[in-house]
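A short write-up of the structure that comes next.
The values are calculated or read from the model by the stated rules, or taken from the named source; none is laboratory data. Everything numeric in this text was worked out from a predicted model, so none of it was measured. Counting neighbours? That spans all protein chains shown, and the Cβs are built from the backbone with ideal geometry, glycine included. Each accessible area value is taken on the protein alone, full model and side chains, heavy atoms only, with ligands, DNA and RNA left out. Shrake-Rupley method; radii C 1.70, N 1.55, O 1.52, S 1.80 Å.
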Amino acid sequence: MNIAPAHLDALEALGYTHAEARFLYIVATHSGYFTARQFLACASAHWGKRTTDFWSKIERSRHARTERFPKSGVFHHLFSRRLYRQIEKENLRNRRAHEIDFIKRRIAILDFVIANQEYEYLETEPAKVSYFCDQWGINRSYVPARLYLGRKTSRSSVRYFVDKFPMFIGVAPPLVTFTYVHEGPVGFAHFVQHLEDYLPLFRQLSEFRMLYVSRTDAHFARATEIFDSLVKIPLESDIAEDVLRYFRVRRMWEEKRYTAVSDAELIFRNEARRAVPRRNIRGTVSKLEEWSVHRRGHRREISKE
């Protein structure tokens, strides 16, 4: 993680130590919310004067507030516009108040980032759009987007990568890795929707990885099945094989042999109706919670000045 020294200096100018400034930068950029244990883990600290001083600073400066939920515990929300302005992230929505489900997912995202600080993250929406559209020449129409209508005016705006899941670039090779953080009750409808939102972008990439992040490995088998059916198999399979599979599944469905059609085949059939023909693609799955896709014969070159 390459944090600009100027941003750390700006936070230290507010009275924070170097370790505290680094932690606050990570929170502001990736979450907006944090817990006491996350500060202790990131700063390699223990309860004592050091932590007491930190809590006193953020409360006295009104940079964060404490939010208590009867069934979920205590969370700290970094909301100060001034603090975000110091690191040139004043427009991040992390500083806004949110519901408990949103907060829990942000806490899980922060756990992932703290445990994986060695990666070079695409931290913001502009950084992600620039990477795919400017560096790789991908049209914005393929980037996951959402239209927001103004509450008080007729004006609307388009936002990209609104899920805010961590995204980072590997060193050798410089491969982009997407993540999906599963936090909350068992259910995969949101994961399916997430993959469908990203599928147009996936189709433009010759190679990428995805990490499915969960606090329990109980979700991995089902998540792998969904990813394979919705993304991996359609992108890597030979078109002739896809066509045969599609008509085989459709025939079983038309003959009302519903019990013979698995959820994976049903997802494949629905996606195949919208799919663009592809061929000569292959790839590997490295492990249940981490998937890689390599599309032979479909490469983009980074444009050079």
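Given axes a ≥ b ≥ c from the Cα gyration tensor, I'd like to know whether the stretch 45-110 is rounded (a/c under 1.5), prolate (a/b larger than b/c) or oblate. In terms of gyration-tensor shape, oblate. Restricting the trypsin sites (Lys or Arg not before Pro) of the stretch 90-197 to loop positions (DSSP other than H, G, I, E, B) with no more than 16 neighbouring Cβ atoms within 10 Å leaves Arg96, Arg151, Lys152, Arg155. Rg and Dmax over the alpha-carbon atoms of the stretch 128-167 stand at 12.3, 37 Å. Model label sites at Asp197 and Phe69, defined 7 Å from Cα along the beta-carbon direction, differ in position by 1.9 nm. Near Leu92, once Lys and Arg are set to +1 and Asp and Glu to -1 for all other residues with Cβ below 11 Å from its Cβ, the sum equals +3. Loop-located GluC sites (Glu not before Pro) in the stretch 1-102 (DSSP state other than H, G, I, E, B) with a sparse environment of at most 13 neighbouring Cβ atoms within 10 Å: Glu88, Glu90, Glu99. Subtracting the Cα-Cα distance of Leu147 and Glu225 from 0.36 nm times their residue separation leaves 25.1 nm of extension gain.
Does the chain come out rounded, prolate or oblate by the C-alpha gyration tensor, with a ≥ b ≥ c the root eigenvalues, rounded set by a/c under 1.5 and, if not, prolate when a/b is larger than b/c and oblate if not?
On the way: a/c = 2.14, a/b = 1.81, b/c = 1.18.
It is prolate, given that a/c is not under 1.5 and a/b is the larger ratio.
Just the protein heavy atoms count here, and of the accessible area of the stretch 126-166 at 1.4 Å, carbon and sulfur take up 48 percent. Out of Pro173, Pro234, Pro126, any idea which swings most in a Gaussian network model of the chain, alpha carbons joined below 10 Å? Fluctuation is largest for Pro173. Once both axes come from the Cα atoms, what is the angle between helix 189-202 and the longest principal axis of the chain, in degrees from 0 to 90, rounded to 10? Helix 189-202 sits roughly 80 degrees off the main axis of the chain. For the stretch 98-142 versus the stretch 198-218, the inter-centroid distance based on Cα atoms is 13 Å. Compare Glu123, Glu183, Glu255 in a GNM of the chain, Cα atoms joined below 10 Å, and give the one with the largest fluctuation. It is Glu255.
Shape of the stretch 1-114 from its Cα gyration tensor (a ≥ b ≥ c, root eigenvalues): rounded if a/c is under 1.5, otherwise prolate when a/b > b/c, or oblate? Working shown, then result.
Values: a/c = 1.45, a/b = 1.19, b/c = 1.22.
Since a/c stays below 1.5, the shape of the stretch 1-114 is classed as rounded.
Computed from backbone phi, the HN-Hα couplings of the stretch 55-69 come to 4, 5, 5, 5, 6, 5, 7, 6, 8, 9, 10, 9, 10, 10, 10 Hz, rounded to whole numbers (Karplus: 6.51 cos²θ - 1.76 cosθ + 1.60, θ = phi - 60°; Gly and Pro given as x). Residues in the stretch 117-276 average 53 Å² of solvent-accessible surface per residue, probe 1.4 Å, ligands and nucleic acids excluded.
In this rough spin-label picture, where each label sits 7 Å from Cα along the Cβ direction, the Met252-Ile169 distance is 4.3 nm.
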